[in-house]
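Visitor: The structure under discussion is supplied below as structure tokens; questions concerning it will follow.
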Amino acid sequence: MSTKHHIPRVIGSRGKSSTDIERENFEKNQTVAINKAINNQETPVKEKHVRITILGTFTDNGAGMFWHIANRLPVQGNPIVCWKFCHVLHKILREGHPHSIVDSYKYCSHLNDLGKLWGHLREGYGKLIENYCRLLIQKLRFHKKNMEIPGNLKMSDDQFAKICGSDVNNYFEIAVDMLDYMDEILTLQQSVFSSLDMSRSNSMTSSGQCRLAPLILCIQDSCQLYDYIVKSLFRLHSSLPPDTLSGHRDRFVTAYKKLKQFYLSSSNLQYFKHLVQVPYLPDEPPNFLIASDFSKHVKPEAVVPEPEPENEPDTDSVVDLIDTSEDKFDAAFGNGFGPPEPDERDMLIERLQREIQFLKSEIERIKFEDQRIISAQREEIAKLEKILSELRLSADKALKENESTKKRLEEATANAGAVAKLAEAEKHAKANEEKFKKMKEIYNKLREEHVALIRKNADTTKKLEAEKRLVQEREQSIQESKSQMERLENERKVIQESLQQSADQVTSQLAEATAQNTELLNKREHLENQVKTLEETKSSLMSQLQGSEEECESLQARLEALEQDKHQSEESLQLQIKNAQDQLASLKDEMTTTEMRRKNEIDSLKSQLEDALSEKAAKEEQFKKEIEDLQSRLSQLDSDKEASEKRQREDLAQLHRDLIASAVKEGRQFINDAMQQVENPTHIPVKCTAEFLLLRAEPVLSALENLNTSQTEYSQNQTDLESLLKTITSFSHHMGDCVIHGIATSHSAQLEAAEELASACQTAGESGIEVLSSLEKGGSIKSEVEKSAEKIRQLIKLAEDLVPKMVDVKEKEIGDLLENEMHSTSSAIEQAAKKIEEMLHQTRKDMSGVELTVNESILDSCTGLMQAIKVLLVKSQDLQKEIVLQGRGTASVKEFYKKNHRWTEGLLSAAKAVGMGATSLLEAADKVVKGEGKFEELIVCSNEIAASTAQLVVASKVKADRKSKKLSELSEASRGVTSCTGKVVGSAREASQIIEEQNLMDFTSLSLMQAKKEEMQSQVRVLELEKELEMERYKLGQVRKRHYQLAGENGGWEENIEGNTENLSPLDAKS
């Protein structure tokens, strides 16, 4: 027989071992499968390619190879490739090797970046990829936190209970984590269904199936999550009050509704009919407040049928796997060899490797079981120590009660003086001492048992260490077998090289190979024997562990019996103490009766006076002893009182320090939070004016002074803690308010000024924190307060530099302008009132009848309105003077007006509007009296005056004190102006009605045609008037816009200021 068939063929792999060749083939297969599964075609991922990828994770013991290949895919350039990548990764995390989750967790940041990148694409797959990446990150975090839960979430109820343990907090946390996981699944399915056009049957198109395919995994995950959430919530409701879990119930009900709709929508899709059996949820969610509802819970199951084998040929992989390089071995020996036969040594090595892996897993499992047993025994020892301490406490308590009983019996015998009762009490005391001795013996027995348990625990630990040494020896034997395998592999390489060097030596080398094969078989038998010995040691260890568990159970039973004995002994001691107390009460009663009897004997037997005197002397000595005893007890009580007072003072001082530290911590946190807004991008749109910053910065200086004063007073008198805490809180909030408004002001300033202002805010905040830190340490804070005040003054100076300057006012001060304008407005009102009075006298001379009545009523109401406006101006000036006196401080009136120039501009604008309105009213009244004007002009002018006076009142109220008397007088004057304005409007409308009644037409003489003609003319006139009204309204809107722009330019307003009513002029508020 020819030996050619026994020579292995190595195609294109000269110089490489079989392990390297297998690794290359494995990498090629994985690369082909992953590239075919994740391609740019909008079709669902093929199951066979995913299956190969999943099997590769078990071969590679993790997902390292998958990520190595996937990192070269164009996931950032093609949305379909990224979507399929997420689908395959989800499949690997569910069904791949357990280490796949650990290997993939370090790529969470990569998934987050992918989600953010494609999240900007609002159409197509962009939003879907973002939601899928968020789901995968949530899944990885969930399994990282709960590593005992497998990737497919399938586990038994016992495993779930073992993971959560007996702590309710574990159920609480895992319920929250599972609800977060469920929310991400529901968000993904909602985005997928919203991206489909259900009217076009997208589930039967390749593009629709590409989007719907990952939802099968979501259905499988959601079924398991729903079951565990329900069980966790029932467990929580059995241990916690319902109010605590109201948030859990609300989240569950919301998720239940969405999940039910998800299952309903999925069950209606034709694509899912043969891929997954979608479960159905009950009509109503479970009621966790009723424990019996748990019996109605049915776990939903998503059944996925086994995929049918696909017969599609893989032509690409065949081409990739064929090595077309020239075979030098075939060139040397010819191409007449048959296919290579499998080498038995390779098969033996592979089998040994599998056995080694199995032994490693068994060793790890044994280690885990040992650790679990050790922890359980430690818990038992801790429980026994706790029981022992409780028994010690009960024994000490019984000893103290016995001593107190002795003392009471001694006192009873001393007071009663009855020797017979003393003997009985001594008997009872002896009985109590005997019982105490019995308790002491029980305690010694328990102590000895505890020592025996500790020794037994030490023996158990020694046994476990011996078992660990055995396991280490087994590992060493495994390492030796590995070294033997490596030696065999080296020998195999030598054999292959010898085969390549010479074909003549093939037969001899084959003979040697057969001899080595027999040797390997012997070694294999030896290794199998070692495996059997390992299994025997494992079984012996398990039996020992079971015996130790049984011993622990017996110890537990003995401890329970001891506890019962202890309870019985305590009950008997309590009964005896009660009997002793009853005996003491009877002794007291007998003592009172003997005293009464002795008193009767003293009255009846006066002859025994000497005996009575001796008894009296004895009683006096007894009383002296009692007085001395009471005095000693009183001194002891005084010393105890002093000690308790000292301890209370120390506790009070510690409480003060804790309260101050708490207030300082809260204040420091408030200031730090304000300082951190510099780096907060969401705070950039928040803006503030420099004037408002000045208002926020000034209270900080007074708060610093108050803080220094309060700290000094507290150091002198520590009873005034409340004021110190209030000043600390006030200073912290004022400082934080100043810092955050300073940062907001820097957002609206120029770049250099903004950086300087932000830096000043940071410095001021840090100085405030230094003040609080110095206050917490104790001692004087004067230097820190001065430093902080200096920082605040620098901040105020920067804010004053940012205050916008007046543009139109150059030579005159704004305060002078305001005074001049108010004076001119008052003069205009007086002149208008005089002019109206003159018009009224002239009308009474020249007119009569209805015309006189109409004009007289109009002019009278206008005169009343002017008088009311005049009173309003006077009250407004008085209120302004009061505001200036209260707010200017040490500054002058002009400096106050200049500092608050926006408020001043509002007053100036309002005064101008009042003067203009008075002039307009005068002109309109003159025209009406002369018959040239319209009553509507008079109504508009009076309404305009009312609006202008309201504007003046609002401008005055901005800085006024709400409790000011002058403010109430101004409001009363404003109501008078409103009343007079109503009278003017009413007079004008009444006059208009009187004139219209006189001018009514008489249509009684019109014929049919004339009436029709008049009707048509009236309709034409109505249309013309409506068009004119529309045009006039449009014109009014444009005029108001122009008026607003002109008023802003004249007042020096900034165009970018908006929102703050304190910084707006009253004209803006009116518009």
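Visitor: For the range 680-809, report the accessible area per residue in Å² (1.4 Å probe, heavy atoms, rounded to an integer). Provide the component values of the computation, followed by the final result.
Guide: Numbers: 6500 Å² over 130 residues.
The answer is 50 Å² per residue.
Visitor: Right, something else. What distance in nm lies between label points placed 7 Å from Cα along the C-beta direction at GLU666 and ASN529?
Guide: Calculated label separation equals 7.9 nm.
Visitor: What's the local net charge at ASP177, with K and R +1, D and E -1, over the other residues with C-beta under 9 Å away? Show your work: numbers first, answer last.
Guide: On the way: positive: ARG141, LYS145; negative: GLU173, ASP180.
Neighbourhood net charge equals 0.
Visitor: So what is the relative contact order for the range 63-198, in percent, with contacts set as C-alpha pairs under 8 Å and at least six apart? Each step should come with its number before you reach the end.
Guide: Details: 116 pairs, mean separation 32.4, N = 136.
About 24 percent, as a whole number.
Visitor: How many nm is it between the label spots at ALA376 and GLN718, if each spot is 7 Å from the Cα in line with the beta carbon?
Guide: 5.6
Visitor: At a Förster distance of 45 Å, what's the computed FRET efficiency of ALA947 paired with ASN112, Cβ-Cβ distance as r, to 0.05? Kindly include the intermediate steps, with their values, before the conclusion.
Guide: Numbers: r = 57 Å, r/R0 = 1.28.
The calculated FRET efficiency here is 0.20.
Visitor: If you take the beta carbon distance between GLU433 and ASP638 as r and set R0 to 35 Å, what does 1/(1 + (r/R0)^6) give as a FRET efficiency, to the nearest 0.05? All intermediate terms of the calculation are to be shown ahead of the outcome.
Guide: Details: r = 35 Å, r/R0 = 1.00.
Calculated transfer efficiency: 0.50.
Visitor: Also, I was wondering about something else. Past the 19 Å Cα-Cα mark, which pairs from LYS48/LYS84; LYS46/LYS299; LYS687/LYS787? Mind showing how you got there, number by number?
Guide: Values: LYS48/LYS84 14 Å; LYS46/LYS299 30 Å; LYS687/LYS787 28 Å.
With Cα atoms farther than 19 Å apart: LYS46/LYS299; LYS687/LYS787.
Visitor: Further question: When ranked by the protection proxy of mean other Cβ atoms within 10 Å per residue, highest first, what sequence do the peptides 139-147, 760-768 form? Numbers along the way, then the final one.
Guide: Working: 139-147: 16.6, 760-768: 23.3.
Peptide ranking by packing, descending: 760-768, 139-147.
Visitor: Given 0.36 nm per residue, what is the gain on full extension from VAL303 to LEU575 after removing their alpha carbon distance, in nm?
Guide: Length difference between fully extended and current span is 91.2 nm.
Visitor: How much of the calculated P(r) for the range 253-301 lies past 18 Å, in percent of all Cα pairs? Display every interim value, and only then the final one.
Guide: Values: 461 of 1176 pairs.
Result for the distance tail: 39 percent.
Visitor: Here is a follow-up. With the crude spin-label approximation of a point 7 Å out along Cα→Cβ, what separation in nm comes out for ALA617 versus ARG597?
Guide: 2.6
Visitor: Peptides 102-114, 219-231: what's the order by average Cβ count within 10 Å, highest mean first? List each step's numbers first, then the result.
Guide: Details: 102-114: 16.5, 219-231: 21.6.
Packing proxy ranking, top to bottom: 219-231, 102-114.
Visitor: Set the Förster distance to 56 Å, then compute FRET efficiency between ALA753 and ASN170 from the Cβ-Cβ distance, nearest 0.05. Kindly include the intermediate steps, with their values, before the conclusion.
Guide: Details: r = 55 Å, r/R0 = 0.99.
Taking R0 as 56 Å, the efficiency between ALA753 and ASN170 is 0.50.
Visitor: Once you keep just the Cα pairs under 8 angstrom separated by 6 or more residues, what percentage relative contact order results for the range 912-989? Numbers along the way, then the final one.
Guide: Working: 52 pairs, mean separation 25.9, N = 78.
With pairs under 8 Å counted, the relative contact order is 33 percent.
Visitor: Same structure, new question: If Lys and Arg each add +1 and Asp and Glu each add -1, what is the summed charge of the other residues whose beta carbon sits under 15 Å from the beta carbon of LYS296? List each step's numbers first, then the result.
Guide: Values: positive: LYS231, LYS299; negative: ASP227, ASP283, GLU284, ASP293.
Here the charged neighbours net out to -2.
Visitor: When you count, for each residue, the other Cβ atoms within 10 Å and take the mean per peptide, how do 158-165, 736-743, 56-63 rank with the highest first? It would help to have the intermediate numbers written out before the result.
Guide: Details: 158-165: 13.8, 736-743: 25.5, 56-63: 19.4.
Ranking the peptides 158-165, 736-743, 56-63 by packing returns 736-743, 56-63, 158-165.
The values are calculated or read from the model by the stated rules, or taken from the named source; none is laboratory data. Source: prediction; values computed, not measured. Here Cβ is always computed from backbone atoms with ideal geometry, including for glycine, and neighbour counts include all displayed protein chains. For accessibility, only protein heavy atoms count, side chains too; no ligands or nucleic acids. Shrake-Rupley method; radii C 1.70, N 1.55, O 1.52, S 1.80 Å.
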